[in-house]
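Everything below concerns the one structure shown next.
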Amino acid sequence: MTKDKKFKQPEIEDKEPKIEQAQTEENVENIEQSEDELAVLAEENAKLKDAYLRACAESENVKKRCQQEIEKNTKFALSSFAKELLTVADNLHRAVTSVSAEQAEQCRPLLEGVEMTQNELSKVFAKFGIKKIDSLDKVFDPNFEQVVQEVEDPSKPAGTVIAELQSGYLINDRILREAMVIVTKGGKK
């Protein structure tokens, strides 16, 4: 009987390694499955991270665009009001230039008052970024001036502004009103 017992023991021992081997194979399958799931999750995580970064970048871009739009609107909000005031500046200039030398003595107090008003308006314009365009004796620039008339003048190069019928203005380096000018034609180029 002792022999039988010894003989049966190895059979039991043989079954245990088969169980361990089956468990090991199962563990390997679980590990492979876990690795596949981990790879899928890592890929999904990368996609979500990319989407998050893109959303953050877009959010920053929108914020910057809004800030620029607010600044632009603030700068140019006065444009329509300033444009209306340009006629006042034109009329003050006409009033000062219309007084002849003979009338200047008689109208001295009135002329001084108009000049003071004109100077105050110029200071207010400067405060809000409104500048007069200096066109006289310069080459015509279609971005800032509008030609009303061309005059023959061989002494000056063609396209030179010789007279300004209406002054042009800029507001924060943006055109508020074009200058209406008379330019030369003929002459040297």
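Condition first: among the small types (G, A, S) and surrounded by 15 or more Cβ atoms within 10 Å (Cβ to Cβ). Now tell me which residues in the stretch 80-95 satisfy that.
First, pick out the residues of the stretch 80-95 that are among the small types (G, A, S): 80, 82, 89, 95.
Residues satisfying the conditions are A82, A89, A95.
For S155, indicate whether it is of a type in the set (S, T, Y) and assigned by TED's automatic domain parsing to the domain that holds A89. Reasoning before the result, please.
Details: of a type in the set (S, T, Y): yes; assigned by TED's automatic domain parsing to the domain that holds A89: no.
No, not satisfied.
When you go through (1) of a type in the set (D, E); (2) surrounded by 14 or more Cβ atoms within 10 Å (Cβ to Cβ); (3) closer than 30 Å to E71 by Cα one by one for E164, which number turns out not to apply?
Exception for E164: condition (3).
Assess whether D141 counts as being assigned to a loop (DSSP other than H, G, I, E, B), under 30 Å from K72 (Cβ atoms) and out of contact with any His (no Cβ under 7 Å at 6 or more places or on another chain). Before the answer, list the steps.
Working: assigned to a loop (DSSP other than H, G, I, E, B): yes; under 30 Å from K72 (Cβ atoms): yes; out of contact with any His (no Cβ under 7 Å at 6 or more places or on another chain): yes.
Spelling it out, D141 is indeed assigned to a loop (DSSP other than H, G, I, E, B), under 30 Å from K72 (Cβ atoms) and out of contact with any His (no Cβ under 7 Å at 6 or more places or on another chain).
Is it the case that V183 is over 13 Å from A89 (Cβ atoms), surrounded by fewer than 17 Cβ atoms within 10 Å (Cβ to Cβ) and of a type in the set (A, V, I, L, M, F, W, C)?
Details: over 13 Å from A89 (Cβ atoms): yes; surrounded by fewer than 17 Cβ atoms within 10 Å (Cβ to Cβ): no; of a type in the set (A, V, I, L, M, F, W, C): yes.
The answer is no for V183.
Among (1) in the same structural domain as A82 (by TED's automatic domain parsing); (2) touching a residue at least 60 places away in the same chain (Cβ under 8 Å), there is one condition L176 misses while meeting the rest; what is its number?
Condition not satisfied by L176: (1).
Residue-wise test of (1) under 41 Å from the mean Cα position of the chain (by Cα); (2) surrounded by 12 or more Cβ atoms within 10 Å (Cβ to Cβ).
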position: A104; (1), (2): no, no
position: R108; (1), (2): no, no
position: Q118; (1), (2): yes, yes
position: K127; (1), (2): yes, no
position: I130; (1), (2): yes, yes
position: K138; (1), (2): yes, yes
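Scan the stretch 84-95 and report the pairs whose first residue is at negative phi and whose second residue is surrounded by 12 or more Cβ atoms within 10 Å (Cβ to Cβ) and among the charged types (D, E, K, R), with Cβ atoms within less than 8 Å and a gap of 6+ or a chain change.
Listed by first residue and then by second, the contacts come to L86/R177.
All but one of (1) touching a Lys or Arg at 6+ places or on another chain (Cβ under 8 Å); (2) at pLDDT below 90; (3) surrounded by fewer than 16 Cβ atoms within 10 Å (Cβ to Cβ) hold for A158, so report the exception by its number.
It is condition (3) that A158 fails.
Residues are listed down the side, and each one gets a yes or a no for (1) in contact with a strand residue (DSSP E or B) (Cβ under 7 Å, 6 or more places away or on another chain); (2) closer than 15 Å to H93 by Cβ:
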| site | (1), (2) |
| --- | --- |
| R108 | no, no |
| G113 | no, yes |
| N119 | no, yes |
| S122 | no, yes |
| G129 | yes, no |
| I133 | yes, yes |
| D141 | no, no |
| E152 | yes, no |
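If a residue must be under 30 Å from P154 (Cβ atoms), modelled with pLDDT under 90 and part of a loop (DSSP other than H, G, I, E, B), how many such residues does the stretch 172-186 contain? First the steps, then the outcome.
Start the filter on the stretch 172-186 by keeping residues that are under 30 Å from P154 (Cβ atoms), which leaves 178-186.
Of the ones still in play, those that are also modelled with pLDDT under 90 are 185-186.
Adding the requirement that they be part of a loop (DSSP other than H, G, I, E, B) leaves 186.
Selection size over the stretch 172-186: 1.
The values are calculated or read from the model by the stated rules, or taken from the named source; none is laboratory data. This one's a predicted model, so the numbers in the text were calculated from it and none came from an experiment. Glycine also receives a Cβ, built like all others from the backbone with ideal geometry; neighbour counts cover every protein chain displayed.
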